[in-house]
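The values are calculated or read from the model by the stated rules, or taken from the named source; none is laboratory data. Bear in mind the structure is a predicted one, so any value in this text is a computation, not a measurement. Here the Cβ positions follow ideal geometry from the backbone for every residue, glycine too, while neighbour counts run over all protein chains shown. The protein model used for the area step is the full one, side chains on, heavy atoms only, and it has no ligands, DNA or RNA in it. Shrake-Rupley method; radii C 1.70, N 1.55, O 1.52, S 1.80 Å.
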Amino acid sequence: MLNKLFKLSSSKTTVQREILAGLTTFMTMSYIIFVNPDILSNTGMPKEALITATCLAAAFASILMGLYANYPIGLASSMTANSFFAFVIVKTMGLSWQEGLAAVFIVGILFIIITIGKIREYIMDAIPMSLKMGIPAGIGIFLMFIGLQSAGIVVSSPNTIVTYGNLTSTTTLLSILGLLLMIILYINKVTGAILLSIAVVTIIGIPLGVTELPSDIVSFPPSIAPVFFKMDFSNMFNADFLMAVFTLLFMAVFDTIGTLMGVSQRAGLVDKDGNMVRAKKAFMADAAGSTAGSIFGVTTVGAYIESVTGVESGGRTGLTAVTIGILFLLAMFFAPIILIVPSAATAPALIFVGILMFSVVEKISFKDWTELTPAVIAIVLTPLTYNIAMGIELSILAYVIIKIGTGKFKDVSITMLVLSVIFILKELFTN
């Protein structure tokens, strides 16, 4: 039944491999269960209810992605959107969190309309091959940067913005050990290299005091009632409300495009031109997930780039995503166990996957500077701006301007021109 539903044989995978991949992705993205409530509670939302809401939203969206689009991608509340929601929409603009959820709901509906109209597909298809390689490579370095920070190898500095951390600390040494083990196992083609490494580091961390054993194993999930279906549309024509909708929509569309592009490249879910297969279904699952997220009581739900860890563990079909969704449901009851996995164990996975994603640079033309320069901008500015959407925006603007400036008008599609105008207007009116 599973083979027929998810087309396992034609994807050259097995049930065991897909479940292992789902577990691997879940391990690397499960931090959202605790981080999302912590961020959103700054708005006055009850943290306990947010834990349940976060799990339910992630489970619904991931299972939908698996069953409908047959993609091995996990979804959950976007880390970019939840920070924007808490500290800009509520804290700065002054909207209530209920009004903020209403904005997220409208964004989800607009997502669905955009997807039905194939606007996101047009954008994906219009992006030139050089950027289809440059954007995933930039996301790869972004992942490496996040992983290096989580491992304590890179830390903030008031003088140089970033610098190296204490490389002799126990957690950092464990992260380095995990990364080296992961690379060695991967080179030797050991199945589940990422998950094995996470498990080894977690176990080693117990006697070292890095892994904290739970006092309980099972806990009953808190009620979702305080945040469920609490949208407030009373001020939906307010200028700040409309600005919140526009910004959330922009962030979500291009974050999702970048993430889906990166994961589909690694999973081989692209055609000879680098375009995603079943793109419309993947976008629709993402859009429906965002809409459901606002009903459950959390911010915009989106595809997680950490899904590449599962892809590299062999995940190729929606069974991986369904596994992720089921694990989020179980997490509501077994949260104490999930808490024991330290960042020292998951950080190496992000660094490792970042390296793999960066390898696509070999497909970029290094001889044609009109193709190379925009790709390099995507690669460099995605991690430096700490924003996937901004990396895409700046690289597309650079591509259009450089191509027109060098007389290569035929290389610039109407869609790319329209996007450039939208980006320029966005920067003029939102800053």
Under 13 Å, Cβ to Cβ, from residue 310 - net charge with Lys/Arg +1 and Asp/Glu -1: 0
Between 106, 388, 206, which gets the highest mean-square fluctuation from a Gaussian network model of the chain, Cα cutoff 10 Å? 206
Peptide ranges 80-91, 162-173 listed from the most packed, as the mean C-beta count within 10 angstrom indicates: 80-91, 162-173
When Lys and Arg each count +1 and Asp and Glu each count -1, what net charge do the other residues less than 13 Å away from residue 285, Cβ to Cβ, add up to? +3
Under the rule rounded for a/c under 1.5, else prolate if a/b exceeds b/c, else oblate, using alpha carbon gyration tensor axes a ≥ b ≥ c, the range 347-431 is classed as oblate
Please compute the net charge surrounding residue 385, taking Lys and Arg as +1 and Asp and Glu as -1 over other residues with Cβ under 15 Å from its Cβ. -2
Solvent exposure of the range 162-289 as accessible area per residue, Å², 1.4 Å probe: 50 Å²
Listed by chain and number, the aspartates and glutamates with an alpha carbon less than 19 angstrom from that of residue 403, same-chain partners under 8 positions apart left out, are 125, 368, 371, 393, 411
Qualifying chymotrypsin sites (Phe, Trp or Tyr not before Pro) for the range 361-403 [loop in DSSP, other Cβ within 10 Å: at most 11]: 366
Just how far, in whole angstrom, is the range 80-104 from the range 314-391 if you go by their alpha carbon centroids? 26 Å
On the principal axes of its Cα set, how long, how wide and how thick is the range 101-143? Give whole Å, largest value first. 35, 24, 9
Kirkwood hydrodynamic radius (Cα pairs, Å) of the chain? 21.9 Å
Please sort 211-220, 389-398 by packing, taking for each peptide the average over its residues of neighbouring beta carbons within 10 angstrom, highest first. 389-398, 211-220
Cβ charges +1 (Lys, Arg) and -1 (Asp, Glu), total dipole of the chain, debye: 1020 debye
Counting each DSSP H run of 4 or more residues in the chain as -39500 (n - 2.57), what helix-only mean residue ellipticity at 222 nm follows after dividing by all residues, to the nearest 500 deg cm²/dmol? -21000 deg cm²/dmol
Report the FRET efficiency, 1/(1 + (r/R0)^6), for residue 180 and residue 233, where r is their Cβ-Cβ distance and R0 is 45 Å, rounded to 0.05. 0.30
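Subtract the Cα-Cα distance of residue 406 and residue 168 from 0.36 nm times their separation in residues, and report this length gain in nm to one decimal.
Net length gain for the segment: 80.6 nm.
Where in the range 211-272 are there trypsin sites (Lys or Arg not before Pro) that are in a DSSP coil and have at most 12 other Cβ atoms within 10 angstrom of their Cβ?
Sites meeting the loop and neighbour criteria: 272.
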With a cap of 12 neighbouring Cβ atoms within 10 Å, and only residues DSSP puts in a loop, list the chymotrypsin sites (Phe, Trp or Tyr not before Pro) found in the range 270-346. none
Take each of the peptides 407-419, 138-150, 109-121, average the number of other beta-carbon atoms within 10 Å over its residues, and list them starting from the highest. 138-150, 109-121, 407-419
Probe 1.4 Å, all protein chains present, accessible-area order of 286, 240, largest first: 240, 286
